[in-house]
Amino acid sequence: MKDKITLVKDTIDKDDVDNLIKWLKTYPRLTKGPKTIEFEEKWSKWIGCKYSVFVNSGSSANLLMLYALKVMGKLKNDKVVVPALAWATDMAPVLQLGFDPLICDCNLENLSVDLSQLESIFHHHAPSAMILVSVLGLSPDMEKIVELCKKYGVTLLEDNCESQGTEFDGIRLGNFGLMSSFSTYFGHTMSTIEGGMVCTNDKDVYDLIKMLRSHGWDRDLDEDAQRKLRDKWGVDDFSALYTFYEPGFNLRSTDLQAVIGIKQLDKVDGMIDQRNENFYHFLDTMKSYDKKKKVWRPTEHKESFTASFCYPMIFKTKKDKENAVKALLKNDIETRPLICGSMGTQPFFISRYKRHETTNANIVDECGIYVPNHPKLEKEEIEFICKTVIDAVK
Ligand SMILES: Cc1ncc(COP(=O)(O)O)c(C=O)c1O
């Protein structure tokens, strides 16, 4: 019998486990410590940004980015743009923190925001910020988005939880906004089991994020930053241990996860290249199998490199989607809805606001799915997935 084709396979292998055990055998202090700092520095170097803060999930990274914006107190209003096609925890912190969400439809090329609708929202609502999602490793048009954010004075936050390693114009995503988030959850580009990262090139934001991650205290700041805070508030070094400058959370991870992450970073380039190769094999196979163009294919921005996550498909009708899902499941191939479908139609949104329909995201919601892509996926498995789908919608 054929093996089940799973959405993801663990990227933590025997080497990673042996390395973790070796480190554990040194009987280190099991908390957040020097390995976390080493992982953050290595991550920053890899992304090409100045600062990174390791947290316990990508969702926590999103929460921290939005909360930091609020705490900085520089926003002109509470309006934040959230893509219709996003993850639940892009919208959730917007609601939790009392921001006003403005939903922007997706485009049907790279599944990021529809640029003309985005400009119209910027023009008519003058929001303070937007959280941009790079869907399934496909790069948005970063040049245009950065230009629009500058033109309308909108602070850009990047959610790259599905796109670690995606590049635009030779620059890795994570360097375009004031802050950016990543997820290292099992099955994402690389894994620390659970985990996330906030990146920034701004030292003040970096210091604030570190305080907000850990209770609001100053312990993770450098001596200079600590001195400034302690002098400002007249705090001696002993009292500083339990002095809290901001109303923080505890969203830390631990050195255990960091040790795994450090090792994963050594091989992440190879895993990303394999995902990218698989992505092109999906595109080519779908092109040759799907002569009648019954299934939508993503279009990369020409300046981008796609660190593909899973492979998206959108069908002409809901019935076609249902038939494809049925055939995939029957053949032991895992599949999922195309992330949240349409944020404005999710129960947690409708129960607070009224249902918000968006043309393209509604199509994605009704007719979209994604299928597996991971570094261990075989070419024959990709061909089998594509054949199964095409046979189901003939
Ligand atoms: C776009 C996006 N943002 C945020 C997250 C949340 O990441 P985590 O599962 O690490 O909390 C996910 C999770 O899949 C995601 O796809």
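In region 333-348 there is at least one residue matching the filter, namely being among the hydroxyl-bearing types (Ser, Thr, Tyr), outside any helix (DSSP H, G or I) and farther than 27 Å from Asp269 by Cβ. Screening Ser120 with (1) outside any helix (DSSP H, G or I); (2) free of Cβ contacts under 8 Å to residues at least 40 places away in the same chain; (3) polar (S, T, N, Q) gives one miss only, at (1). Scanning region 150-189 for residues being under 13 Å from the mean Cα position of the chain (by Cα) and among the aliphatic types (A, V, I, L, M) gives a total of 3. Of the residues that make up region 130-151, is at least one farther than 26 Å from Pro298 by Cα and in contact with a Leu (Cβ under 7 Å, 6 or more places away or on another chain)? No, there is no match, as no residue in region 130-151 is farther than 26 Å from Pro298 by Cα and in contact with a Leu (Cβ under 7 Å, 6 or more places away or on another chain). Looking across region 36-69, the residues that are in contact with a Cys (Cβ under 6 Å, 6 or more places away or on another chain) and either among the charged types (D, E, K, R) or more than 16 Å from the ligand (Cβ to nearest atom) (or both) come down to Ile47, Cys49.
Please enumerate the residues belonging to region 83-97 that are away from the ligand (no atom under 11 Å from the Cβ) and in contact with a helix residue (DSSP H, G or I) (Cβ under 7 Å, 6 or more places away or on another chain). If the condition is that a residue be away from the ligand (no atom under 11 Å from the Cβ) and in contact with a helix residue (DSSP H, G or I) (Cβ under 7 Å, 6 or more places away or on another chain), then Ala84, Val94, Leu97 are the ones that fit. Per this entry, Ser134 is counted among residues that are modelled with pLDDT of 95 or more and buried (at least 24 other Cβ atoms within 10 Å of the Cβ). Among the residues making up region 238-257, those that are of a type outside the set (Ser, Thr, Tyr), within 19 Å of Leu64 (Cα to Cα) and in a loop (DSSP other than H, G, I, E, B) are Phe244, Glu246, Pro247, Gly248, Phe249, Leu251, Arg252.
The values are calculated or read from the model by the stated rules, or taken from the named source; none is laboratory data. Since the structure is predicted, the reported quantities are computational estimates derived from the model, not experimental observations. We place every Cβ from the backbone using ideal geometry, glycine too, and count neighbours over all the protein chains shown.
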